[in-house]
Each structure stands twice: as structure tokens, then as C-alpha cells.
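Engineer: Okay, here's the structure, questions in a sec.
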Amino acid sequence: MSTSISLSELADRKEGKNLYSYQKGAINKIFKSFEEAPEDYHLLYQLPTGGGKTVIFSEIVRQYLKHHKKKVLVMTHRIELCRQTSGMLTEFGVENKVVNSKANLDDQAQYSCFVAMVETLNNRLNEDKLDISDIGLVIIDEAHYNSFTKLFKFFEKSFILGVTATPLSSNIKLPMKDNYDELIVGESIESLIENEFLAKAEVYSYNVGLTSLVVGANGDYTVKSSEDLYTNNDMLSKLLQAYEERAKGKKTLIFNNGINTSLHVYDTFRIAGYPVAHLDNTNTKKERKKILKWFKETPDAILTSVSILTTGFDEPTVDAIILNRATKSLTLYYQMIGRGSRILKNKSKFTVLDLGNNLHRFGPWGADLDWHRIFRSPNFYLDGILADEEIEENFRYEMPDDLREAFAKSEDVYFDIKKTYIAAVRAGESSKVVLERSIEHHAKICVENSEDLWDALDLAKQLGDDIDYRIHRYTKCISKSTFNFVEWLKDDYRKKLRAYLRSNFDEVYLKVHGKPPED
């Protein structure tokens, strides 16, 4: 490209939208990078979801066509993105032709800009139905997907501009540095929030045991193992409880790994009386349009889905995001949370509930990531991500706020199973004393907050999550964790806690209250 765009030229533009200063700066950087580059130069541009990547490359297309006699091709990986991109280009005064499976290409000579989905384009090029001899610039949206690389052979004499929010390949065996010569990093999420271009995420993480999950050939957790975990009653109850604690009444988008999970979530919220809808890739276009219209118009709507709304979906009124799944994909993590980051007049922040330990795995959304280093050395970054076992080693059970209120008279409700186990082993004691001491601690906090035995027994019933947490920690210590053994231990613990309270209530009450219980 031989022409750099000046800010005055941008200001003089008659068509399209007004650009923010950081978008203008990005366009100048991109054109400058292309100025002296060879004709087959591949440039990658990173900008967070919500930063306006489509706006930026639409203006680049407009300016490129203004200063060059060659044509432009924009590639996307989803039909929704194809339509949105075409619409945005039209807003910028760029007449374009969508190359889909039904497109008639007899009039292709009349167009200087084409928008195509990768698979359709691949078929058309292999059938030699699209003339690409005059394509000077190829723009690739969501460039981290590897489906595009098979088309690079057709554009050996074109400038290629890839745009993405996360310059980390979806396939670890095909790093982006192998297909792009240079990375330009745009504004950070932190900067966009600070300057009021994006809303701030308030993230609440709920610890979940994920060691039953299986990693598939694509490097992420399999749908089957995810559904086995996320469709059980405990997880569905945890999800509903998390929603009621932090997101009740907010317009909420729930992401799941698997259609069956999403349907279970739909049933859970419907039975609880909340306005909820389910959406997946088996819905017809008509159904999808109707559901999304309902979601847009209903202030407290809940929409549960699989990953189809991670890209190409823009609903600024979303006020809460629930990650009801775990992922090993940094890109997916950023895309899911990014669906809530659109800013509105009365919206400067949004809520994120994480039920997949994703916050522990990747850090906060908008953390200061070194994208250049990730681009150059993706394996170094990926190798540094904590395994689920390591994450769970650092878990500490925290009572939900409403439950903690029921135990308000107790200073400390936490009991360190691992520390107690190590002390018992060093003292030559049986590992069984660990659970005995844990039961004594649970009994103590129940009695501290009770007037009589029946109050204490009622409080003991509410300690299910804490009991399960302690049992899981204990079985890790003794390296024995078959499903049946763990379930038996949980049940046995509950029975022994109730029995302990019945046998020792008066004695414990006297010890913690300094007086006997009233008759």
C-alpha cells in the first residue's frame, strides 16, 4: 500500500460512522505497516471485543479502494458475521457483494469488494467461479480460527490483514506466528473501560470440582464429560443459587458446553418461575429471530445457549454473563465475557458469574496480557496455565453471604482439612481423626448460632456444600477418591454430624455459651 491515511482525510469522510481517536490511530498504524511491506505481507491486528474491529476494517476498505485500483475481499467464518460485515461496509459507503452458496456471480465484475464465508469461498475458488486475480487486500475477521489458512495459497500476491481479539490460534499445533509476519496490538480492555468505551466486568467465581472433565482432541473439555458434570442436580442448584445471589432481575446470558446442559438449565429456571429461553444451532432462523427479539425486549430475560452467541451477537442490554462451563480456550473465555461489555448510557459495569474456574485459569478479564509474547511464544503461555488439580489445591470454601449470616456468631467457619491431616500424620494418628475433628468443628459452629438442638440440626442441614468440599479435600489427602467411596463418605459424615449434635449438644452449648441451654 503506497498511501497513508491522514486524520484530516478521516474527518472529511462523508459516509459511515464517526471514528474514535484510538480507531483512527489503529488505521494509521495498519496503513503505515503496509506501506513498505512486500506484496504478500501478512499483518495481524488485535483489539478487544467491543472495540470496533469491524468499524476499523470497514474504514480501511473504504480508504484502500479510494487510493488503489485493486479489489478487496473480506472473509468471515460465520453466516451472521458475513451479513453484519456486509451491512457495516454499506454504512461506510462501500458497495459489496456477499459470496454465499446462492450468490449469482455473473455480475462480479461490477464490484470492488466481496464478503464471503470461508467454506463457501473455498468451494467457489476450487470451482474457479470467482475471479480473484485483482484482489489486492484480503481481510480476515476472527483470524484466530484456522479454517482460513487453507485459502492463503490463493492469495500469494495479496496483502492479508487478520483481525482478532485474541491472537492465540484455536489450534495449538498451528501457531499464528507461522501465518502472520507482524502483530499490532490495539487498545487494552483496561484503557477502553477507563475511557468509557467498554463496561467493567464484576466477576464472582464459584469454586467447582472439575477433575472429572476430559480434554478432547481439540484441546478443550469434551461436551460429554461437561454434560455429565453440569447436568447433575448439585451443579444446577449451584447455578440457580449463584444467579439468585448476584444476577436476579438482570438480563442474563448463560453459556453452556452442550445442548443437553442448556436444556437442563432452561428447565431449572423455568420451574423456578424465571423468564427464560433456550437457543442452540438446531433452532430455525425464524425461531432464532423470535427468541432474540424476546430477549432484547424483556428486561429480566434469561437466555441459555451453547457457544453460538460468542461471536456475531451484539446485545448491549445484557447485564449479566454466566459461564456455566469450563474452557481451556483463552479466546472463548474473552468472547463469552465480552458479550456483556457493550456500554450504554445507564450501564458502566456488568456482572460475570464463573462456574468453571475460568477466572483461576486465565486471570481477570482485561488483565494486562503480553499479546506480543503470546503471539511469538504461544506454547510458553499455554504451558503456564494452571491444571485443574493445581487450581483446586488452592480452593478454600467460602460460605455464601446469606448462609454466613446464619452463622454470624461464629468468628471462623473455615476448617483446614489438609493442615489437620498433615498434623495427624506427623503425630502418628489415624487419618480418620481428621473427619472426627471436622465434625466437632461443624457441630461447634452450629451450636454457637442456635438456641436449642433443633436449631442446630437445621443449621447442620445447610452445610452440604461445605461438607462436600471437606470430603473432597480429605479424599485427595488419602489418595482414595472413587465415586462410590466419596459418596459414601459424604452420607456417613452427615449421619455422624447429626448423631454428634444429639449426643453432645448440652456439653458443646455449655462450652461455647458459658451456660447450659434453657429447657
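Each value in this text was obtained by applying a stated rule to the coordinates, not by laboratory testing. Predicted model only: the values in this text are computed from it and were never measured. Cβ sites come from the backbone with ideal geometry, for glycine too, and all protein chains shown count toward neighbours.
Engineer: When a/c reaches 1.5 or more, the comparison of a/b and b/c decides; with that in mind, is region 196-369 rounded, prolate or oblate per its Cα gyration tensor?
Structural biologist: Working: a/c = 1.39, a/b = 1.11, b/c = 1.25.
It is rounded, given that a/c, with a ≥ b ≥ c, falls under 1.5.
Engineer: Of Phe255, Phe415, how do they rank once you tally other Cβ atoms within 10 Å and put the fewest first?
Structural biologist: Details: Phe255 27, Phe415 21.
Listed from fewest to most nearby Cβ atoms, that is Phe415, Phe255.
Engineer: Right, another one. What lysines sit close enough to Lys238 to cross-link, taking a C-alpha to C-alpha distance under 22 Å and skipping anything fewer than 8 places away on the same chain?
Structural biologist: Leaving aside lysines fewer than 8 places away in the same chain, those within reach of Lys238 are Lys224, Lys248, Lys250, Lys251, Lys328, Lys461, Lys490.
Engineer: Also: State, to one decimal in nm, how far the label point of Phe395 lies from the label point of Asp40, with both points 7 Å from Cα in the Cβ direction.
Structural biologist: The answer from the label model is 5.2 nm.
Engineer: Just to be sure I understand: of the beta bridges DSSP finds with both ends in the chain, what percent are antiparallel, rounded to 5?
Structural biologist: On the way: 3 of 52 bridges.
Expressed as a percentage, antiparallel bridges in the chain total about 5.
Engineer: Expressed as an acute angle from 0 to 90° and rounded to the nearest 10, what is the orientation of the C-alpha long axis of helix 432-448 relative to the principal long axis of the chain?
Structural biologist: Approximately 90 degrees, to the nearest ten.
Engineer: Can you compute the helix-only [θ] at 222 nm over the chain? Use -39500 (n - 2.57) per DSSP H run of at least 4 residues, normalise by all residues, nearest 500 deg cm²/dmol. Write out the running numbers ahead of the final one.
Structural biologist: Values: 21 runs with 230 residues, N = 519.
So the helix-based figure for the chain works out to -13500 deg cm²/dmol.
Engineer: Taking R0 as 51 Å, what FRET efficiency do you get between Asp131 and Lys289 from their Cβ-Cβ distance, rounded to the nearest 0.05?
Structural biologist: Working: r = 34 Å, r/R0 = 0.68.
The calculated FRET efficiency here is 0.90.
Engineer: Would you mind pulling out the separation of the Cα centroids of region 70-91 and region 144-206, in Å?
Structural biologist: Going from one Cα centre to the other spans 17 Å.
Engineer: Still on this structure, I have one more. Please arrange Ile27, Ile385 by how many other C-beta atoms lie within 10 Å of their C-beta, fewest to most.
Structural biologist: Details: Ile27 23, Ile385 14.
Arranged by neighbour count, lowest to highest, Ile27, Ile385 become Ile385, Ile27.
Engineer: Round to the nearest 10 and give me the degree value, 0 to 90, for the angle of helix 79-91's Cα axis relative to the longest principal axis of the chain.
Structural biologist: The angle comes out at about 50 degrees.
Engineer: Could you tell me the distance between the Cα centroids of region 417-458 and region 302-346, to the nearest Å?
Structural biologist: Between the Cα centre of region 417-458 and that of region 302-346, the gap is 41 Å.
Engineer: Over region 196-369, what is the percentage of antiparallel beta bridges among all DSSP beta bridges, to the nearest 5? Before the final figure, lay out the partial values.
Structural biologist: Numbers: 3 of 25 bridges.
Within region 196-369, antiparallel bridges account for around 10 percent of the total.
Engineer: In degrees between 0 and 90, to the nearest 10, how far off the longest principal axis of the chain does helix 483-513 point, with axes built from Cα atoms?
Structural biologist: Taking Cα atoms only, the helix is inclined about 50 degrees.
Engineer: Fewest Cβ neighbours within 10 Å first, please rank Cys446, Cys82 accordingly.
Structural biologist: Numbers: Cys446 27, Cys82 23.
Exposure proxy ranking, most exposed first: Cys82, Cys446.
Engineer: Could you let me know the centre-to-centre spacing of region 50-69 and region 240-258, using Cα atoms, in angstrom?
Structural biologist: For region 50-69 versus region 240-258, the Cα centre distance is 37 Å.
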